[in-house]
1. Would you list B:ASP85, A:ASP176 from fewest to most Cβ contacts within 10 Å?
2. Please give the residues of the range A:157-177, grouped as numeric ranges, whose backbone N is less than 19 Å from a label point set 7 Å along the Cα-to-Cβ vector of A:ARG186.
3. Once Rh is set to the Kirkwood radius over Cα pairs, what Stokes-Einstein translational diffusion coefficient, in µm²/s, holds for the range B:53-129 at a temperature of 10 °C and a viscosity of 1.306 mPa s?
4. How far apart, in nm, are two points set 7 Å out from the Cα along the Cα-to-Cβ line at B:ALA120 and at A:THR117?
5. As I understand it, the value is the acute angle between the Cα axis of helix B:10-20 and the longest principal axis of the Cα atoms of chain B; what does it come to in degrees, rounded to 10?
6. Would you kindly state how much longer the chain becomes between B:SER217 and B:ALA87 on full extension, computed as 0.36 nm times their sequence separation minus their alpha carbon distance, in nm to one decimal?
7. For the protein assembly as shown, with the dipole built from +1 on Lys and Arg beta-carbon atoms and -1 on Asp and Glu ones, taken about the Cα centre, which of A:LEU153, B:LEU44, A:VAL235 lies farthest toward the positive end?
8. When the helix-only estimate is applied to chain B (DSSP H runs of n ≥ 4, each -39,500 (n - 2.57), divided by the residue count), what is the mean residue ellipticity at 222 nm, nearest 500 deg cm²/dmol?
Amino acid sequence: MKGARRHLTYANVLATVTAFVVLFGGAAYAANQLAKNSVGAKQLKKNAVTTAKIKKNAVTTAKLKKGAVTGAKVKGGSLGVADLSLPSMPFGRVVHRASWSGSVQGGGPGTPTLVTTTSYTQEAGSDDIYSGSVEVSPPPLTCEPPRALVANLYIDTPDLATALGENQVANGLFFDMKGNRSFPSRITLAPTAGGVRFQPGSPTPHTLSLFVTAVCKLSEPGIIVTGATIEVAGVK
Amino acid sequence: MSRLRQALTFENVLVTVVAFVVLAGGTAIAANQLAKNSVGKKQLKAKSVGTAELKKNAVTTAKIKKSAVTGAKVKDGTVGGPDVDAASTSFSRIVHEARGTGAVAIAGGEGRTAYPVSPATYTQQAGEDNWFFGAVDVTFEPGCAPPRTANGSVLVDASNPLDFEDNEVLARGEIYDGAGGTVSRRMHLSGFPGGILQGPAATTHTLTLVVESECDSGAGVVATSGAVDVVGAR
């Protein structure tokens, strides 16, 4: 006991206390009172930044390495059309759609009636095909069966008098031979052979014109058209 | 006072100085000079890493959890064609392009000429419907009197392309000229009858582009380029 008291000097006590503080308390104290910006990449252990440590919305575009987001990282089925840059997609899709409503009577043979026109630009590298529809309303009593309506879609033809077969890109027929067809009815215009416009090297503007021709048993006036759609599908 | 002087030994002074340095300065040093790899996940507070704490390009593929990125996180309109593995999708698209350039005189009357396009063979994938489009750039020369026409056909697996059957034609088109002189036009080919339905196994096909011409009298129709696109949809 006497021996122990002899070692209980100021220096020994202070040194022992200091050692304790440094070894056990000091480090903790230091960790809880870190100076601002004192923890950098070097101080961080590998894998120290776990999901829970990352603030919501902290990972912005600039933090993502180029190419970091692979398909496997994208949740299946979560990408929608709004996420896509459609013009750059190498897929077929409707690239132009035009609708018309009104009332026109189909002209007789040799005098087709212009229903509507629409313009669009064909993208470079896109094969474009054409389709459409025509709504047919109940014909006037003067148009007796057998009766028919022919709908033709022309491309880049300002004047039908000079139109060529190759300008006709889609067509559709409506027949009512016995007067038993129900109205209103719809004619579908399907692409013709050669009706594609093969991919151009640069964007090319086109104008599409929809004409209808009606044939009744006796004479005109012919079948009435009340609506139409024109669609262009482009495939890359 | 003399007792104090007695205690003022070298040992005591040194220990006191060391204690001050360690307790007062040492803490500061520790705070500013944390040892390498000393901060682990236990030391980091939850949500302590914000945008500013993350280095540019720090988030690599391995750091992103599978399926972590949803459509809502993707900026609208930013996913482009090169980002998509087109072959893995079920959308319709051009799956093969055959091209040819160079002037080739087209036989008139009953004659037919094969315009060379390359690659002429392609493989239709299992479960894929194919249909065909094409184009031929044609020049009518003055020696070919109007009215004059040229027509083209895309043949698939034709056993004798210059004497083909209608069922071997998958696309067709025709142009007409009534004006005369030198006229250059593009002939577009499509839908006749349209396509080849999907098969259970991958199948190799051979494409042939055949062009014919007709002048009222004389001759002189030249094809200057030809192209065939195969569109596939699953």
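1. Working: B:ASP85 7, A:ASP176 21.
Going from least to most buried by this count: B:ASP85, A:ASP176.
2. A:170-176
3. Details: Rh = 18.4 Å.
Stokes-Einstein gives a translational diffusion coefficient of 86 µm²/s.
4. In this crude spin-label approximation the distance works out to 4.4 nm.
5. Between the helix axis and the principal axis of chain B, the angle is about 40 degrees.
6. On the way: separation 130, 0.36 × 130 = 46.80 nm, distance 4.93 nm.
Between B:SER217 and B:ALA87, full extension yields an extra 41.9 nm.
7. Most positive-ward Cα: B:LEU44.
8. Numbers: 3 runs with 24 residues, N = 234.
One gets -2500 deg cm²/dmol as the mean residue ellipticity at 222 nm.
Taken together, the values in this text are just the output of simple stated rules run on the coordinates, not laboratory data. Values in this document were obtained by computation on a predicted structure and should not be read as measured data. Every residue, glycine as well, gets a Cβ built from its backbone with ideal geometry; the counts of neighbours run over all protein chains shown.
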